[in-house]
Every structure is written in structure tokens, then in C-alpha cells.
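The values are calculated or read from the model by the stated rules, or taken from the named source; none is laboratory data. None of these values were measured; they are calculated from a predicted model. So basically every Cβ, Gly included, is an ideal-geometry build from the backbone, and we count neighbours across all protein chains shown. Side chains are part of the model used for accessible areas, which takes the heavy atoms of the whole protein and leaves out ligands, DNA and RNA. Shrake-Rupley method; radii C 1.70, N 1.55, O 1.52, S 1.80 Å.
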Amino acid sequence: MNTVETKNEDSKTATETVAKTQISGSQAVLEALLAEGIETVFGYPGGAIMPIYDALYDYNDKLKHILVRHEQGGIHAAQGFARTSGKVGVVFATSGPGATNLITGLADAMIDSNPIVCITGQVFAHLLGTDAFQETDVINITTPVTKWNYQVTEASEIPEALAKAFYIARSGRPGPVLIDITKNAQVQLFDYLGYKPCSHIRSYRPKPIVRNKHIQEAADLINQAKKPLVLFGQGVILGKAEKEFKEFIEKSGIPAAWTVMGLSALETDHPQNVGMLGMHGNYAPNVLTNECDVLIAIGMRFDDRVTGRLDKYAKQAKIIHLDIDPAEIDKNVKTTVAVWGDCKETLPILTKLVDKKSHTDWLAHFRELEKEEVKEVIQEELNPSSDIMTMGEVVKVLNELTGGDAVIVTDVGQHQMVACRYAKFNQSKSNVTSGGLGTMGFGLPAAIGAWYGAPERPIVAIIGDGGFQMTLQELGTIMQFGAKVKILILNNEFLGMVRQWQQLFNDKRYSFVDITSPDFVTVAKGYHIDGQRISEREQLKDALKTMLDHPDSYLLEVMVGKENNVFPMVAQGSSVAEIRLK
Ligand SMILES: Cc1ncc(C[n+]2csc(CCOP(=O)(O)OP(=O)(O)O)c2C)c(N)n1
């Protein structure tokens, strides 16, 4: 109850007691976070967001704030958090450079459908448009890389704006939302009537109405198919539909291949898991994409890294596409039947309508081609005949020690593709990577966030020597706040993936891919993080064990072959059927 001065209709001032609470815009922000169940925020302060940080001082016991070392680290951490927890990740940043430092992470979260709410401070409303100190037009800059953004200039707008932000970020196909709050709105007091979560916005239909007719058409195609193939993506994980997905493939008996973003939705050892699609994916699912008669795409978006040359992609097949986002239907690949909807709802209906089958001969065909890949690529990668260590054998030994229970976070490059190809997973939400944007520097901060999202699980960040140098300042965040991250640097002394392309497609004209590194172990020690560097195979198992058993964060640098390549490979401009084994 507050005593407030009010003006009556005659403009006479009267003092009365009203059942309203006055709070500041900043307090309203923090109340909104608490009401949304947020416990952890990643952020970095500055002038235009100081009132929110001042209010945070009094919420220290309710909200954990992780001070990152760069706003890009903050948003990647929020992404890692969202990926392992399935919840919305929250980031604070100041105006100007603080806000612009978020852009890469926003673009990454947008293309990989991560639910993120960014709250940025902004200059006072009366200074907007004056080129004020640290003013930047964050709304226009972030429009293409946010699912929604909005600028608040009045404190009273804050509860509703944030309720909408959380609803939009997590509903339907998730994505990043940015709320920019001018400084006057942060300090202004207003009559707070409580926080009402949002569950509906006019014209926004995050969950399409399920049309049984289309599901029946899909089931008819599946029931007639002799060589059906399922391609699954992150939609299965985002829809929390892993169980429904498994029931569908187990009843229909259809082989299932995954995109990088779908990895871990189905356990690696499932007998119908036929591996990874796309540029560095497995041989069988790529080749047989162009032999199947019905292709059933579930929660994936036919990214060009998956399809290769589109005019030669699965032309013989009828295409069924299950997706929650209508913008994805017919975007890259024209469908025969589109099942628009949340796969948690559509898959059980489809499962009821499909016949129980085993497709034994068709599945055996995948295993035959797999043998070819083992002979030409996998055998040497996992059990090298030379003394030089391969990335694959490091991942193999890691699998033996974790048993497939770890969360694997990767950066971008050869190590990423090798980790995705060979890491084993027993449970969902275990593979955290930058799929769509391919953002080097993602790995370390995302691993920090992944730990806050799943602190009970081992978090292993596999990172290249190049990408690690992009965001290694986040070692400071680990040092200060104690996230337990096992950092596994696979050092080939090159920007390996670009070097591979220069070798294969530019006649080995190595142009600025030779990268020198600091002594990473010494750098880590400077941040009070233990570590070691190894270059002999005999040391590998013990070193990985030491890393995994260490009670805190640990950095292990493994020197691997300088000019090893990742195969198979669908070269850019090639069809998936033209995948090269060497
Ligand atoms: C921010 C950013 N800059 C440039 C690239 C282009 N790129 C993709 S992979 C790669 C090399 C990565 O090298 P490293 O981190 O050492 O990993 P490796 O490929 O050797 O495993 C580069 C430069 C990128 N993906 N992201």
C-alpha cells in the first residue's frame, strides 16, 4: 500500500491511500524474470543499463547473474543454457557497443531457433535520435536477427512487453527476442499491478491447427513405401517429442538419419539410427537420399549443408515434411504432403495410422554402405596407422570414458564435424553447436551456459585452436563463477576447415590459415584453471580421464595431425549422391 498524490477531476490535489504498489521499471524487469521462473541471467553492465543493475543488487538472493567477459559470450552462454535446459536464456547488455556485441549471437540463435530474451539498456527517450553517447538504433539493427524486438520508453509498458517477449521466444518455433529499455523507463516509478504471463497475441499463431487429412495422406504414402527414409532435425528436441519420434520410427521400421541440430534426439546406438546427413555426414544416408521412395522430414529445414545441390536432391522421392513453421514448408524442397504442426501432436496421430513394418532389406542396404565408409574412412580415423593423432580417435576414447552420457559442446570447424560424426549420445539435449550460422567462438561461452542449464551433467567443450582464440576471455567467467567445463582443444595449428577447402579446391594455396597459438595451458593457469598438453597417443586415455575426473574446470590440449581432412564430403555444388570418401 502506498500513499500517493492524485489529482481529482477538478485538478485539485488530494492525498489518498490506494491499493497500488509503486515500483521502478528496473524492478519490474526483475519481477518479470522471477515470475517467468528465471534463475540465471548472463550479462554485462554499462551506463544505459545501470538502473537495472542497481535494482539487481537487491535481488542477489533470488537471481543469479553471471558476469561474462564480452556480450557475445553472454548471448552464447544463454544459448548453451537454452539448449541443455530447454528453457529461455536471458541476457543483459548496455546500449551501443553492448547491444551491437550481441548481434552475432542473435543471428546464431535466430537461425538455430534458440529461445532467448535479451534486455538492452538504451539512452533516455528524449535523447533518442540525437547520436547521444552510446546510442545505437538497436531495433533496426536487430530486426532481421530477432523473432521480435521492441523498444520500451515508459516504465508501465515493461510487464506486458516482457510477458510478450517470453511468450514469443519460447512458443511455436522458438527464437531470440530483444527488448530495448530507455534509461528513463528504467528509473521511472509506476503503479505496478502484478505480472500477467502472456498466452495469446492476436494474429500470432505459434501452434498450427493439426489437419488430420494431411496426416492421413502422409500415412498412406508411408504405408505404400518400399524404401522410406526419415530425416530428423532439432524440431524433435524443441517439441520435446523424442518419445513420440521413437515410437513412430519403431512402429514404421523406417531408417532415421539426423541433421547436426537433430543430433542426440535419438540415441546413437538405436538400430534404426543410420547417421548424419549432409556435407560431412555419413555415406549411406547421403547416397540413399537419392534412392529412397518416400522422404519424411521431421523438424528440419533442408539446409543447403544437408541437401547439397538442390536440383539433384531426392528427385525420385515423394516428400513428406512435418514442421511447425509454415515458412519452412516448400522453402527449399517442394513437398508432396505437408504436415504443418507441432510434432509432439502430429507424430502420435501419424504413428497410429502407419502399418507396423521392419524394412529389413532396406535397412541392411544402409549397413552395407556403412561398411564401405568404415573401410575407406572410419577405420583409419578411429584407429590410425600412423603415430599422428587424429581428432576421431580422441572422440572415440572420450566416448569410452563418458559412455555417451556427456553433453558435447563444439565450436566450428573440422573438430565440430568430427565430434558430431563420432560422439555417442544416450540422451537428448546433449549436442550443443552452432549449426546454421557456424559461429567460431561459440564453443567456450556456450559450454559455460550449458553447464548452468545442466549442472549435474559432464560438459565437454571440443574446440579448435582458432575458435578458442576468438572467445577465450570467457575463461575469466569460469574462474569467477565456477562453471565446470572440460575444455578439449584439438590443435592442428591451422584454421583446419578452411585449410581443407584450400587444399581440395584451391590447389593447396594455403592463404592465411596457418595460425599460431599462445601456450593454452599457461593461459588457463593464469585463470586458475588446471590443464595439460599432450602430443603422444600413449598419454591420451589418462589425460582424458584426468580431465573428466577433475573436480573443476580443466583444459586439455591435444596436438593432432596438421593436415588431416574430414571425410566423407559432399563438395559444394555437388549432389548428395556424389559424396566423396577421399
Ligand atoms: C566467426 C567466424 N569466422 C570465420 C569462420 C570461417 N571458418 C569456418 S571453420 C574455420 C576454421 C576453424 O579453425 P579451428 O578453430 O582451428 O578449427 P579446425 O577447423 O582446425 O578444427 C573458419 C576460419 C567462421 N565459421 N566463423
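With a requirement of 2 or more residues that are within 15 Å of the ligand (Cβ to nearest atom), the helices (runs of 4 or more DSSP H) lying completely within the stretch 421-513 that satisfy it span 443-453, 465-471, 496-505. Residue 567 falls short on exactly one of the conditions (1) under 26 Å from residue 377 (Cα atoms); (2) in contact with an Asp or Glu (Cβ under 9 Å, 6 or more places away or on another chain); (3) within 12 Å of the ligand (Cβ to nearest atom), and that condition is (3). Residue count for the stretch 278-337 under the criterion of being charged (D, E, K, R), in contact (Cβ under 8 Å) with a residue 60 or more places away in the chain and assigned to a loop (DSSP other than H, G, I, E, B): the result is 6. Filter the stretch 514-536 for residues that are part of a helix (DSSP H, G or I), of a type outside the set (Gly, Ala, Ser), more than 16 Å from the ligand (Cβ to nearest atom) and open to solvent by less than 70 Å² (accessible area, probe 1.4 Å) and give the result. Of everything in the stretch 514-536, just one residue is part of a helix (DSSP H, G or I), of a type outside the set (Gly, Ala, Ser), more than 16 Å from the ligand (Cβ to nearest atom) and open to solvent by less than 70 Å² (accessible area, probe 1.4 Å), namely 521.
Quick grid of which residues meet (1) under 25 Å from residue 449 (Cα atoms); (2) not aromatic (Phe, Trp, Tyr):
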site	(1), (2)
375	no, yes
378	no, yes
385	no, yes
393	no, yes
410	yes, yes
418	yes, yes
422	yes, no
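Of all the numbered requirements in (1) touching a Lys or Arg at 6+ places or on another chain (Cβ under 9 Å); (2) in a helix (DSSP H, G or I); (3) away from the ligand (no atom under 15 Å from the Cβ), residue 384 misses one, and that requirement is (2). On inspection, residue 373 does not qualify as open to solvent by 20 Å² or more (accessible area, probe 1.4 Å), more than 28 Å from the chain's Cα centre (by Cα) and away from the ligand (no atom under 16 Å from the Cβ). Of the candidates 361, 411, the single residue that is acidic (Asp, Glu) and within 16 Å of the ligand (Cβ to nearest atom) is 411.
Would a scan of the stretch 323-339 turn up a residue that is aliphatic (A, V, I, L, M), at pLDDT 95 or above, open to solvent by less than 10 Å² (accessible area, probe 1.4 Å) and under 22 Å from the mean Cα position of the chain (by Cα)? No: zero hits. Taking residues in the stretch 203-219 that are within 19 Å of residue 166 (Cα to Cα), and partners anywhere that are at pLDDT 95 or above and hydroxyl-bearing (Ser, Thr, Tyr), the pairs with Cβ atoms closer than 6 Å and at least 6 places apart or on different chains are 206/171. Among the candidates 208, 197, the residue that is open to solvent by 60 Å² or more (accessible area, probe 1.4 Å), not in a helix (DSSP H, G or I) and not β-branched (Val, Ile, Thr) is uniquely 197.
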